[in-house]
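A short worksheet on the structure shown next.
The values are calculated or read from the model by the stated rules, or taken from the named source; none is laboratory data. All values derive from a computational prediction rather than experimental measurement. No Cβ is skipped: glycine too gets one built from the backbone with ideal geometry, and neighbour counts run over all protein chains shown. Quick note on the areas: whole protein, heavy atoms, side chains included, nothing else; ligands and nucleic acids left out. Shrake-Rupley method; radii C 1.70, N 1.55, O 1.52, S 1.80 Å.
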Amino acid sequence: LTISPKDYAFRRLTQVVSPSSNTLGFETTSIEKPDRPIYLDLQATTPTDPRVLDSMMPYLTQQYGNPHSRTHAYGWEAEKAVEQARAYIADLIGADPKEVVFTSGATESNNISVKGVARFYKSSKKHIITTQIEHKCVLDSCRVLAEEGFDVTYLPVQPSGLIDLNLLTESIRPDTSLVSIMTVNNEIGVTQPIKEIGQICRSKKVFFHTDAAQAVGKIPLDVNEMNIDLMSISGHKIYGPKGVGALYVRRKPRVRVEALQSGGGQERGLRSGTVPTPLAVGLGEACRVAKEEMDVKRVKKLSQRLVDGIMGKVQHVVRNGDPNASYPGCVNLSFAYIEGESLLMALKDIALSSGSACTSASLEPSYVLRALGADDDMAHSSIRFGIGRFTTEQEIDFVVDKVVRHVDKLREMSPLWEMVQEGIDLKSIQWSQH
């Protein structure tokens, strides 16, 4: 009997995976699988691929050595596994394994890149460029640097979500050390012209960092072809484990980075601390699988089915971001005349979000949508749909049906919708103050 990797992964996802009875004394237990909502919040996190879990298990049980222990077999086998994982990550992005540094995730990788480069070259260069729609950890890192005396330029984006390349070129100064622009935006899915940005930075002799947490393993990337000097990677965004990530740091021409963490000098001195072997192995396997199964066409087909299904049946729906320059697995829609939070509460059997998980506690409208020029009411009515490796056509059809029915129901309850139906222009109304 032959089983394809996808069938194998799907079967393992629907089963409870427990350690074997002879593994360090663990006993097999049976757990009933509860009914769960359909998961379409894949920008927040992805399920761990069963093949990733299988690769990690030996290093969570019998092969528990420290990869930095050089005097016995336990350390050697762990080190070999870590280096193999490093090679898988490098292969996915077209890098040399020596250029890959393990971190705790993309947030740490972004902090090391932005703060590390800026501080190393601060004696001669005190200017950094980023965009208004970066992930919060990049924006906050830039804010910290601004407090230290660095000059930060926050590039605006066009209504499409794309930056203006001419404006980027004009913004680079002789004292610019770093340009940090994310590959795929985590809220609207817009994909920036990374290759062109890399060419501009290389021609100006400025280092280029990209937060590729939402892009690695989902779209083809090559750090050399795109002239990327630093790249941030997250494990749990590509069906790997949480708590691990990687940072690509170019060696030729060499990028110098001031380490944020002091310690034993592991990871070329850029990130001291014991590398967690099981997590590193899991990230490596996730990258290996992603290279083999980067099925953008399938995701695009499901994405189009979702968008056509909703927008073909519901009026006054806006897709945020340029649909022709976006990763199809991230669809952000604004539904006029309803509150996004009300729609999320109505869709209890679908796991969705209204934006980034890192800012979900805030009641403020998304700063990403504001940067696109969206009105506050449209920003408040946005829902993000994530489509990925294990999403099925049946799930998409179910989601379309539920969204259409609940949007119609919520609008029927809205006096604003009633006024729109009567042909009243809401922007022309002078609302009285109480």
At 20 °C and 1.002 mPa s, what whole-number value in µm²/s does Stokes-Einstein give for the translational diffusion of region 239-321, with Rh from the Kirkwood sum over Cα pairs? 126 µm²/s
Given the rule -39500 (n - 2.57) for each run of at least 4 DSSP H residues, summed and divided by the residues of the chain, what is its mean residue ellipticity at 222 nm, to the nearest 500 deg cm²/dmol? -11500 deg cm²/dmol
How far is it, in nm, from the label point at Lys242 to the one at Asp140 when both lie 7 Å from their Cα along the line to the Cβ? 1.6 nm
Considering the convex hull of the alpha carbon atoms of the chain, report its projected area averaged over all viewing directions, in nm², one decimal. 25.6 nm²
So how many Å³ per residue does the convex hull of the Cα atoms of region 117-195 work out to? 90 Å³
Other-chain or far-sequence residues with amide H under 5 Å of Gly243's (modelled H): His236
Leaving out ligands and nucleic acids, and using a 1.4 Å probe, what accessible area per residue does the chain come to in Å²? 47 Å²
Please report the spacing between the Cα centers of region 272-323 and region 96-151 in Å, no decimals. 25 Å
Over region 215-329, what is the relative contact order in whole percent, taking alpha-carbon pairs under 8 Å and six or more residues apart? 23 percent
Amide proton proximity set for Leu155, modelled H, under 5 Å, gap of 5+: Thr130, Thr131, Gln132
PRE zone check, label point 7 Å out along Cα-to-Cβ of Phe120, amide N under 15 Å, scope region 202-217, hits 206-210
Given labels modelled 7 Å from the Cα in the Cβ direction, how far is it in nm from Gln261 to Lys205? 3.4 nm
Two-site FRET efficiency, Gln421 against Asp375, from Cβ-Cβ distance with R₀ of 22 Å, rounded to 0.05: 0.65
At 7 Å along Cα-to-Cβ for each site, give me the label-to-label distance between Glu225 and Arg36 in nm. 3.4 nm
Remind me, relative contact order of the chain in percent, using alpha carbon pairs under 8 angstrom and six or more residues apart? 20 percent
